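All remarks here apply to the structure that follows.
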Amino acid sequence: MSMLFVSLGALAALLAVLNATQALLGLRLIGPSAGTRPARRLRAESAAAAVAMSGAALAAFGIPAGGRWPALGGAVTLAGWTALVLVRRRFTARV
């Protein structure tokens, strides 16, 4: 059972690194090269998604470790998803 959570945590950490790289570069690393989103929006969304996925990784790695790590990871994930919703709402209001 703990191997499942470690695997999920590793996947979430990989996605967090991918999103952080997209946020720094302003380029889509996976998907069509002719993206319709401007670099500023891509950076903002990727940064928020990186926070959310970092929290998911922390929660997944925290389950086998025990303690308060899963709760902390859940709070970081919730903050990241909230930021992602706010970023998307802000950019759709401008269009």
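Within region 30-41, identify whether any single residue is at pLDDT below 95, crowded, with 18+ Cβ neighbours inside 10 Å and at negative phi, and answer yes or no. Explain how you work it out, then say what you get.
Taking region 30-41 first, the residues at pLDDT below 95 are 30-41.
Still in the running and crowded, with 18+ Cβ neighbours inside 10 Å: 41.
From what is left, the residues that are at negative phi are 41.
Yes, region 30-41 contains a residue that is at pLDDT below 95, crowded, with 18+ Cβ neighbours inside 10 Å and at negative phi.
So how many residues does region 54-66 have that are open to solvent by less than 40 Å² (accessible area, probe 1.4 Å) and either within 23 Å of THR92 (Cβ to Cβ) or within 9 Å of the chain's Cα centre (by Cα) (or both)? It would help to see each step written out before you state the result.
Keep residues of region 54-66 that are open to solvent by less than 40 Å² (accessible area, probe 1.4 Å), which gives 55-57, 59-60, 62, 66.
If we keep only those that are either within 23 Å of THR92 (Cβ to Cβ) or within 9 Å of the chain's Cα centre (by Cα) (or both) as well, we get 55-56.
Residues meeting the conditions: 2.
Quick one: which residue in LEU78, LEU86 is surrounded by fewer than 19 Cβ atoms within 10 Å (Cβ to Cβ), at pLDDT 95 or above and closer than 18 Å to ALA13 by Cα? Steps first, please.
On the way: LEU86 fails: closer than 18 Å to ALA13 by Cα.
When all the criteria are applied, what remains is LEU78.
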Is it the case that some residue within region 17-28 is farther than 23 Å from THR92 by Cβ and β-branched (Val, Ile, Thr)?
yes
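The values are calculated or read from the model by the stated rules, or taken from the named source; none is laboratory data. Everything numeric here is computed off the predicted structure, so don't read it as measured data. Counting neighbours? That spans all protein chains shown, and the Cβs are built from the backbone with ideal geometry, glycine included. Areas reflect the complete protein model, heavy atoms only, side chains present, ligands, DNA and RNA absent. Shrake-Rupley method; radii C 1.70, N 1.55, O 1.52, S 1.80 Å.
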